[in-house]
Structures are given as C-alpha cells and as structure tokens.
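Data first, discussion second: the structure below is written as structure tokens.
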Amino acid sequence: MVETRRLKSKVCLVGEKAVGKTSLIRRFVVNEFDDKYITTIGTKVSKKELEFEGKDVNIQLDLTVWDIMGEKGFRELLKDAYFYGANGVLAVADLTRKKTLVDLDDWVDSTIKEAGKVPIMIALNKVDLEDKAEFGDKEAAEIAKAFEAPFMYASAKTGEGVQEAFEALGRMVIKSQLGIPL
C-alpha cells in the first residue's frame, strides 16, 4: 500500500516590481488573471495544496506562497520576516525587461542570507509577449547556472507554464525537505 505524507512548506516569490509575481500567484491559486496593475503593499500570503504521486509514497504539499513588494528598500526592511523559514524560492523576471533578470542576483542573495540554501526555480514571465522579449535562452541559462537553478517560461496572462513552474518548485522542495525525489 502506498503511504501518504503531508508536508507544509513556505515558498517566496522574489523579483522586481511589475514582473508579475502577484499575477503568477493569482493564476496558480485561483486560475484568474487581472490585467489591472495593482502594486503589492507589504506582503501577501496565499495557500494552495499540491498532490504528488511517487512510487512508494504520495505527498500532499501544503504550500504557503509569500508575495512581497518589489521595491529594494522594502526588501531590506522586512527581509528577516519575509524570508525566515522559506523552503523554496520562485525568482521571477519579466521577459520584456532584461534588467529584471540581472536584478534577480540581489533578490536571490538576500534570500540565501536569511533562509540558507533553498531550492530556487526561475520563472521567466510574460512569454505571451515573446515578440517584445529583451533576452532569451542564453541569458536565462547563464543566470540559472549561477544560481544552480532551472528556469521555465510562463505567462500569468494565458496560464502557460504557471502550474508547471510551481509544481517543479514543489518537487524540489519535497526532495530538499524529505529527501524524496519525485
């Protein structure tokens, strides 16, 4: 008989303002998109349960997803509370703004300083605007290699790659916390 285990994990989304962190979470949690830009003030916490089937064990992963305001000054102010206890990070860049990819370096460094070495997944958002992209696979692969993290393309607007990015991060978190590869 296959055992079922439950795991609670905290994951943080990081990245500059207007990269789509809040929209990715909204698409992931309630499968909705709103194209009105609303700045996140402070932090917002959402929850979603994922189920993973393994060979000998099934995992019910209760994800607490933390969204933070994309202002660097704010990050410095609340980094202790925001990153404390994080089990994984979804680092988000906007394909239409190369600077958001470069700036992930500071965000990931801040996370590692507070939470230690946790699994990182890079989400390159706004793939629906591919014709306006300022970078591609080569630049994304360089950043991903530096963080020892995979990257995926996503679109909060269309939903493309969103569930897959969170599920991939979930698998990484399960492996990190429980030592169970899925």
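Using helices alone, I'd like the mean residue ellipticity at 222 nm for the chain: each DSSP H run of four-plus residues gives -39500 (n - 2.57), total over residue count, nearest 500. Let's see the in-between values first.
On the way: 6 runs with 67 residues, N = 182.
That comes out to -11000 deg cm²/dmol.
Just need the relative contact order of the chain here, percent rounded to a whole number, with Cα pairs under 8 Å and 6+ apart.
Numbers: 371 pairs, mean separation 45.7, N = 182.
Relative contact order, the chain: 25 percent.
If I build a Gaussian network model for the chain, linking alpha-carbon pairs within less than 10 angstrom, which residue out of Leu24, Leu129, Leu13 has the largest mean-square fluctuation?
Top of the fluctuation ranking is Leu129.
At most 12 other C-beta atoms within 10 Å and a DSSP loop state: those are the exposed GluC sites (Glu not before Pro) I care about. Give me the longest piece of the chain that has none. The partial results should precede the final answer.
Working: sites that count: Glu32, Glu148.
That gives 33-147 as the longest site-free run.
Quick one: which of Lys55/Lys145; Lys10/Lys157; Lys8/Lys113 span more than 28 angstrom between C-alpha atoms? Before the final figure, lay out each step's value.
Working: Lys55/Lys145 30 Å; Lys10/Lys157 24 Å; Lys8/Lys113 22 Å.
Among Lys55/Lys145; Lys10/Lys157; Lys8/Lys113, the Cα-Cα distance tops 28 Å for Lys55/Lys145.
In the structure shown, do any of Lys44/Lys126; Lys98/Lys126; Lys17/Lys117 have a Cα-Cα gap over 18 Å, and if so which? Present the calculation step by step, with values, prior to reporting the outcome.
Working: Lys44/Lys126 21 Å; Lys98/Lys126 12 Å; Lys17/Lys117 24 Å.
Going by Cα-Cα distance, Lys44/Lys126; Lys17/Lys117 fall outside the 18 Å limit.
Modelled label-to-label distance, Asp106 and Val30, 7 Å Cα→beta-carbon offset: nm?
Each label point is offset 7 Å from its Cα along the Cβ direction, giving 3.1 nm.
Among Ala165, Ser155, Asn58, whose Cα sits farthest toward the positive end of the charge dipole of region 3-177 (+1 at Cβ of Lys/Arg, -1 at Cβ of Asp/Glu, about the Cα centre)?
So the residue furthest toward the plus end is Asn58.
Using bins 5 angstrom wide from zero, how does P(r) for region 3-177 break down, in % of all Cα pairs?
In order of increasing distance, the bins hold 1, 9, 19, 23, 21, 15, 8, 3, 1, 0 percent.
I'd like the Karplus ³J(HN,Hα) series for region 81-92: coefficients 6.51, -1.76, 1.60, θ = phi - 60°, whole numbers in Hz, and an x wherever there's a Gly or Pro.
Karplus-based 3J(HN,Hα) across region 81-92 equals 6, 5, 8, 4, x, 5, 9, x, 9, 9, 8, 10 Hz.
I want the antiparallel fraction of DSSP beta bridges within region 3-177, as a percent rounded to 5. Show your work: numbers first, answer last.
Details: 11 of 35 bridges.
About 30 percent, rounded to the nearest 5.
To the nearest 20 debye, what charge dipole does the chain have about its Cα centre, counting +1 at the Cβ of each Lys and Arg and -1 at the Cβ of each Asp and Glu? List each step's numbers first, then the result.
On the way: 28 positive and 31 negative charges, 89 e Å.
Roughly 420 debye for the chain.
In nm, what is the difference between 0.36 nm times the number of residues separating Ala146 and Lys99 and their Cα-Cα distance? It would help to have the intermediate numbers written out before the result.
On the way: separation 47, 0.36 × 47 = 16.92 nm, distance 1.62 nm.
Stretched out fully, the Ala146 to Lys99 stretch lengthens by 15.3 nm.
Only the coordinates and a few stated rules stand behind these numbers; no lab work does. Quick caveat: nothing in here was measured; it's all calculated off a predicted structure. Cβ atoms come from the backbone with ideal geometry, glycine included; neighbour counts cover every protein chain shown.
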